[in-house]
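What follows is a set of notes on a single structure, which appears directly below.
The values are calculated or read from the model by the stated rules, or taken from the named source; none is laboratory data. Source: prediction; values computed, not measured. Note: ideal-geometry Cβ built from the backbone for every residue, glycine included; neighbour counts use all protein chains shown. Calculation scope for accessible area: heavy atoms of the full protein, side chains included, ligands and nucleic acids excluded. Shrake-Rupley method; radii C 1.70, N 1.55, O 1.52, S 1.80 Å.
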Amino acid sequence: MGELRGRGSAPQRPRAGASGGPVPRPLGLLALQRAAGNAAVVQQVQRYAVGVPATADHATLMAWMQGNNPYAPDEAARTTARFRYNVTWDHSGESGSWTLTPRDTSTVTVTKSVDMPVWRARDPALQAAWAAGVTALRAHEAQHEGVADTWRTTLLGRLLAFSTSSSAATLQAARNEANTALAAEWQTWLAEHQAEQSALDPYSVVVANPQAPPATP
């Protein structure tokens, strides 16, 4: 038997954008493979081709998955979620005593990508075992996507509830301080999101070998 393993969102590194929040990295598209059902897959799901022929046996297939797939040896699929906020500050007070809060038009967005293997076996029994494994793996990655969606709402709520004070002489200096304070708080929130994603793993699904001899009683 062989295993397919999945993993959730990798930690997000801060990258300062014009809004003061992290910006998502460009999605690294892997080799795309045409396959039945691909047209029905939502846009953020990507496919990487398994590099063995359709005539490969179970051992060859699983050896490639465990040693040569883009996330080997620990994973067969990966879900990544990148969050970005855009904030406009409301303020009250005066020089030396400012209070800043995000305007209610401030936003949080999430960009998700899911990388999954695609392959089709010529042998119907092996194809059925492979398809069952990939289906289970995709369902697990969907759990990671759900966590990201929930956290987008959580992050927006926390952003809108954020407030900070400043003793800066000018409003612009106060805004700069608010951006710095929010960016630091944002990283602690992302760490909480990552902890929830990590709690779903490790995960693996067995792809049974249809050619394996029956177990000895």
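Each peptide among 174-186, 92-104 gets the average number of other Cβ atoms lying within 10 Å of its residues, and from highest to lowest they stand as 174-186, 92-104. Using the Cβ of Thr99 as centre and a radius below 15 Å, the other residues enclosed give a net charge of -1, where K and R count +1 and D and E count -1. Placing pseudo-labels 7 Å out from each Cα toward the beta carbon at Ala63 and Gln143 gives an inter-label distance of 3.2 nm.
Heavy atoms of the protein chains alone define the surface here; on that basis region 67-217 has 49 Å² accessible area per residue at 1.4 Å probe size.
Legend: calculated FRET efficiency, Ser198 to Thr55, from the Cβ-Cβ distance at R0 = 45 Å, rounded to 0.05, equals 0.70. Taking the 1.4 Å solvent-accessible surface of region 39-89 as the whole, the part contributed by carbon and sulfur is 47%.
For region 66-138 and region 142-217, compute the distance between their C-alpha centroids and round to whole Å. Taking the Cα centre of each part, region 66-138 and region 142-217 sit 10 Å apart. Extension gain for the segment Ala161 to Gln187, taken as residue separation times 0.36 nm less the Cα-Cα distance, is 7.8 nm to one decimal. Let me check against my output: what whole-number percent is the relative contact order of region 46-175, with C-alpha pairs under 8 Å and at least 6 apart? This gives 32 percent for region 46-175.
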